[in-house]
Amino acid sequence: MLISNLEAVYLVFWISALCAASYLLVVQPSQFEICTRAYWKFLFQPWKVFAFIAATALITVVAPYSGDPTWDYPDSLAISCLTYFLAPWAIGAIFLSIRNRQYDKRLFVAVCMFFVPCWFYDAYILLRDHAYPATWVSNLCLSGSIIVLAGLFWNLAWRPGTGQHFAFTTTAWLDSYSAPLRKLIIPALVIAIPVIAMVLWFVYDNQ
């Protein structure tokens, strides 16, 4: 197995952090919105599911044409799912923790959940190729930016009297009010187009 000293230290670090975060989620689920039924109801609003399916199809279908040997069907599908399930809560929880100056276990777990798609990529390539991916740093930057945009995208909300906003900026963050897609189309496109352009450019540049 090919892995440098720095990569080995980083691997131990993120595995330890992920284990600690998972432990907190298991023993104290009531402390984290991601463990509540309200969060999953919030996440599975029809327009969000539709957007998730479309985004996953795009990322997965273009994988063979990317020219990147680390971008294949399994990790495309898995990372898309992890981003959809985790990014909305991670972004919201990080925002609220910083705004309220609550630097506690909730913030720690949210940061760990934010990086899970990146860490899955590292683990998948390590197991598949028996070498730590040389692209792990660039993946942190690229995937990190996509995770931020995805978290913002799936937190888009609209309510009568409030208008368009990010759900985590309101006191009723996980209120399951299902906004019609037409009310969110402009901010949704503003967030989605850079991601789509990034993916298509990456494929085009590697042809």
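One table, with the values for the structure above:
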| read-out | value |
| --- | --- |
| Qualifying residues in the stretch 32-67 (those that are farther than 24 Å from residue 105 by Cα and among the β-branched types (Val, Ile, Thr)) - the one surrounded by the most Cβ atoms within 10 Å (Cβ to Cβ) | 59 |
| Selected residue (criterion: farthest from residue 41 (Cα to Cα)) from residues of the stretch 147-182 that are outside any strand (DSSP E or B) and in contact with a strand residue (DSSP E or B) (Cβ under 7 Å, 6 or more places away or on another chain) | 152 |
| Options 68, 75: the member that is under 30 Å from residue 201 (Cβ atoms), among the acidic types (Asp, Glu) and out of contact with any Phe, Trp or Tyr (no Cβ under 6 Å at 6 or more places or on another chain) | 68 |
| Single condition residue 102 does not satisfy, out of (1) farther than 29 Å from residue 41 by Cα; (2) without any contact (Cβ under 8 Å) to a residue 12 or more places away in the chain; (3) not basic (Lys, Arg) | (1) |
| Tabulated pairs, the stretch 18-38, first within 19 Å of residue 87 (Cβ to Cβ), second of a type outside the set (Lys, Arg) and loosely packed, with under 14 Cβ neighbours inside 10 Å, C-beta under 6 angstrom, 6+ apart or interchain | 35/29 |
| Residue match in the stretch 62-70 (condition: among the β-branched types (Val, Ile, Thr), in contact (Cβ under 8 Å) with a residue 24 or more places away in the chain and more than 30 Å from residue 31 (Cβ to Cβ)) | yes |
| The lone exception for residue 70 - which of (1) in a helix (DSSP H, G or I); (2) surrounded by 15 or more Cβ atoms within 10 Å (Cβ to Cβ) it fails | (1) |
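Computed from the coordinates by the stated procedures, all read-outs in this text should not be read as laboratory data. It should be emphasised that the depicted structure is a prediction, and the values quoted were computed from it without experimental measurement. Every residue, glycine as well, gets a Cβ built from its backbone with ideal geometry; the counts of neighbours run over all protein chains shown.
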